[in-house]
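These notes are about the structure you will find just below.
The values are calculated or read from the model by the stated rules, or taken from the named source; none is laboratory data. Given the structure is predicted, the values throughout are model-derived calculations rather than measurements. Virtual Cβ from ideal backbone geometry, glycine too; neighbours counted across all protein chains shown.
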Amino acid sequence: MPDDEAMDAEAAARLIRETRDHAYDRLAVKQARMYGIWGVAWLIGLGTMWLSVRGQDPYTGPSGVSFAILGVLIALAAIASIAVVGRATRGIGGTSSQQGMLYGLSWAAGMAAVFTIEGALAHAGASGKVLGVMGAAGPLLVTGLIYVVGSAIWLDRVMFSVGLWLLAITAAGTWTGPVGLLLTGALAGGGGFLVAAALLWLRSRKA
């Protein structure tokens with residue numbers, strides 16, 4: 001009888017491990033899509049802004065159209081992130097739907113704070129270059145911080161690495177001025193997400 005109980009316990013533990021591994025494999029596929037969406041958003045959004053400011057002398061700032069494009073792309077990427085995290089992580093390691101909801105709200109709160117601060121700087125008489133640096137660095141900084149915090153919630157090393165990468169390139173890029181930061185964010189930021197997407201996709205193919 002004890003042997004039967006031990007076998008049943010072992011079988012149950014194996015089933016739990018297999019279910020968990022399968023869930024994480026599905027999560028890796030969905031994460032790859034999420035990172036790919038963010039990579040395209042930063043590459044096109046910030047790249048469009050950079051195209052509108054390169055060669056400006058004096059610097060007057062990105063065009064309204066490029067701002068709109070970036071805003072729409074960030075909103076779509078954030079919505080995709082909320083959907084992926086909310087569905088794919090539910091039930092994994094005790095993750096609750098409430099965690100996903102709070103994670104999603106952090107995007108709206110962070111971006112709203114950035115744009116409010118930028119408006120306050122303009123009201124205080126900040127120069128166009130200062131506003132340009134803030135406008136480019138703010139969304140990248142918020143995204144990097146949210147990814148680092150999210151990695152602690154779900155113990156996701158890829159998310160942690162991407163978050164640290166965004167924080168690093170944003171900090172370094174601010175020293176190049178608004179034009180250089182936009183190019184850095186587009187290529188290094190968008191490129192970093194696309195690399196992460198490719199690695200996760202390859203991992204899911206090998207699983």
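For (1) touching a Phe, Trp or Tyr at 6+ places or on another chain (Cβ under 9 Å); (2) more than 21 Å from Ala109 (Cα to Cα); (3) aromatic (Phe, Trp, Tyr), each residue gets a yes or a no:
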| residue | (1), (2), (3) |
| --- | --- |
| Gly128 | yes, yes, no |
| Leu131 | no, no, no |
| Val162 | yes, no, no |
| Ala168 | no, yes, no |
| Val195 | yes, yes, no |
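Conditions tested, residue by residue: (1) modelled with pLDDT of 95 or more; (2) in a helix (DSSP H, G or I); (3) out of contact with any Phe, Trp or Tyr (no Cβ under 7 Å at 6 or more places or on another chain); (4) more than 23 Å from Gly36 (Cα to Cα).
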position: Met111; (1), (2), (3), (4): no, yes, yes, no
position: Thr143; (1), (2), (3), (4): no, yes, yes, no
position: Ile146; (1), (2), (3), (4): no, yes, no, no
position: Trp175; (1), (2), (3), (4): yes, yes, yes, yes
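Being of a type in the set (Gly, Ala, Ser), touching a residue at least 24 places away in the same chain (Cβ under 8 Å) and in contact with a helix residue (DSSP H, G or I) (Cβ under 9 Å, 6 or more places away or on another chain) narrows it down to one of Gly190, Gly163, Gly180, so name that one.
Details: Gly163 fails: touching a residue at least 24 places away in the same chain (Cβ under 8 Å); Gly180 fails: touching a residue at least 24 places away in the same chain (Cβ under 8 Å).
On inspection, the qualifying residue turns out to be Gly190.
Can you tell me which residues in segment 168-198 are under 18 Å from the mean Cα position of the chain (by Cα) and of a type in the set (S, T, N, Q)?
The answer is Thr170, Thr184.
Keeping to segment 48-67, report how many residues are in contact (Cβ under 8 Å) with a residue 12 or more places away in the chain and assigned to a helix (DSSP H, G or I).
9
Here is a list of conditions, (1) at pLDDT 70 or above; (2) farther than 22 Å from Leu187 by Cα; (3) basic (Lys, Arg), and Arg33 meets all of them except one; can you say which number that is?
So Arg33 meets the others, but not (2).
Return only the number of the condition from (1) modelled with pLDDT of 95 or more; (2) surrounded by fewer than 20 Cβ atoms within 10 Å (Cβ to Cβ) that Trp50 does not satisfy.
The number of the failed condition is (2).
For every residue, the table says whether it meets (1) modelled with pLDDT under 75; (2) part of a loop (DSSP other than H, G, I, E, B); (3) exposed (fewer than 14 other Cβ atoms within 10 Å of the Cβ).
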| position | (1), (2), (3) |
| --- | --- |
| Ile69 | no, no, no |
| Ala75 | no, no, no |
| Ala78 | no, no, no |
| Gly86 | yes, no, no |
| Gly94 | yes, yes, yes |
| Val114 | no, no, no |
| Gly119 | no, no, yes |
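Please determine, by comparing only the residues of segment 96-109 that are closer than 27 Å to Thr48 by Cβ and surrounded by fewer than 19 Cβ atoms within 10 Å (Cβ to Cβ), which one is modelled with the highest pLDDT. Write out each step before concluding.
Restricting attention to segment 96-109, the residues satisfying the condition of being closer than 27 Å to Thr48 by Cβ are 104, 106-109.
Checking which are surrounded by fewer than 19 Cβ atoms within 10 Å (Cβ to Cβ) leaves us with 104, 106, 108-109.
Numbers: Gly104: 75, Ser106: 88, Ala108: 85, Ala109: 92.
Top of the filtered list is Ala109.
What residue, of Ala126, Ala136, Ala186, is at pLDDT 90 or above, within 22 Å of Trp50 (Cα to Cα) and surrounded by fewer than 21 Cβ atoms within 10 Å (Cβ to Cβ)?
On the way: Ala136 fails: surrounded by fewer than 21 Cβ atoms within 10 Å (Cβ to Cβ); Ala186 fails: surrounded by fewer than 21 Cβ atoms within 10 Å (Cβ to Cβ).
Matching residue, one of Ala126, Ala136, Ala186: Ala126.
So Asp57 clears everything in (1) exposed (fewer than 11 other Cβ atoms within 10 Å of the Cβ); (2) modelled with pLDDT under 70; (3) among the acidic types (Asp, Glu) except one condition, right? Which one?
(2)
Using beta carbons and a limit of 8 Å, which pairs, at least six apart or on different chains, have the first residue in segment 138-149 and under 17 Å from Tyr103 (Cβ atoms) and the second one crowded, with 24+ Cβ neighbours inside 10 Å and of a type in the set (Phe, Trp, Tyr)?
Qualifying pairs under 8 Å: Thr143/Trp38.
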